[in-house]
Amino acid sequence: MITTVCLIDAYRTLNFAGISGTFAAVGTPFVHQARLICITNNTNGDMIFSTDGVTNMLFIPKSSFKLFDICTNRQNNAPTFVIQPGTQWYVKQSTAATSGDVYIENIYGIGE
């Protein structure tokens, strides 16, 4: 039987002062395949997130978050969905923030 060890990666963050109307990188690219990801907008402005730095992908209102459990409801022998290593997240403002930070957290697994 194959088991997977669940590990929590270091979070990525960017302070409101580094966020403008153009996309800015949030931390470093993922090193591992992310199985669960939480994107938290702890600023007082609405934010837009992207993985290509061009396309508006996720809107996250001020003081809120989005949680994606990518591996939920996987049926036996079905492929596992993951966010690939090397994925870089970007953020830009929809409305300007004057305080707070954004955070990206991920959980990944290593098979044994």
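What follows draws every value from the coordinates through simple rules; no lab data is involved. Keep in mind that what you see is a predicted model, and the values were worked out from it rather than measured.
Once you have the alpha carbon radius of gyration of the range 9-111, what is it after dividing by 2.2 N^0.38 Å, with N set to its residue count?
On the way: Rg = 14.0 Å, N = 103, 2.2 N^0.38 = 12.8 Å.
Normalised by 2.2 N^0.38 Å, the Cα Rg of the range 9-111 equals 1.10.
Note that the range 41-57 has calculated 3J(HN,Hα) couplings of 9, 9, 8, 9, x, 6, 10, 10, 10, 8, 10, 10, x, 10, 8, 5, 10 Hz, one per residue in order, obtained from phi through the Karplus relation 6.51 cos²θ - 1.76 cosθ + 1.60 (θ = phi - 60°); glycine and proline are x.
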